[in-house]
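The next block holds one structure in the form of structure tokens; read it before the comments.
All of the numbers you see were taken from the coordinates with simple rules; none came from a lab. Please read these numbers as outputs of a predicted model, since none were measured by experiment. Note that each Cβ is placed from the backbone with ideal geometry, even for glycine, and that neighbours are counted across all protein chains shown.
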Amino acid sequence: MREAGVRSGDLIARIRNRPYLRRLSSNPLLLTMIAMVHSSGSSLPKSRAELYDAICKVLLSRQQDDKGIADTIGLDPEQKRLALQALAFKLMLHERTTSLIVEMKTGGTYEFSHRSLQEYLASLEASFQKRMHILIENLEKPWWSETIRLFSAKNNSTEIIVRAINRRSI
């Protein structure tokens, strides 16, 4: 019982000391995901992009084990992430969302738990498939703003910045 109190105190202190975590923790689902990453033994990352990466890793590698659901599709966590980032990017192109990351339901179906994870995975796919041009084409669309930010946090985004300045969309 004492250990749980120490761990929860540590989590609260980390959230208070990181402004991005304070903002995200106002959403109950994201707070739950932050707590899940913390309880997995991982240190809480210093940026949103790193946090979303940690959430993806925890959910894709551990969730089905925790629920006792057999992996019926035979993909490792990396293969699942690649498939999900392709799906997330396609959903962004069509300005659609589902509840994103990934929660395995009974029967082997998946759904995303939060749009921010869809945006994060879409940013990974844009990088993986070298689709910065699509992000540039969508600079002025609010639907794409978070995906573009997350892409820029992990990639050389000079071209995006130059285009945004030229379009005055920053």
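A Förster distance of 41 Å, applied to the separation of the beta-carbon atoms of residue 133 and residue 35, puts the FRET efficiency at 0.60. Near the amide H of residue 138, within less than 5 Å, lie no amide hydrogens of residues on another chain or at least 5 residues away, with H placed in the peptide plane. Label sites at residue 17 and residue 143, each approximated as a point 7 angstrom past Cα along Cα to Cβ, lie 4.1 nm apart.
Using the Karplus relation 6.51 cos²θ - 1.76 cosθ + 1.60 with θ = phi - 60°, the per-residue 3J(HN,Hα) values for the range 9-26 come to x, 5, 4, 4, 4, 5, 5, 5, 8, 10, x, 5, 5, 4, 5, 5, 6, 6 Hz, with x marking Gly and Pro.
Taking each residue as 0.36 nm, the span from residue 7 to residue 47 lengthens on full extension beyond its C-alpha to C-alpha distance by 12.3 nm.
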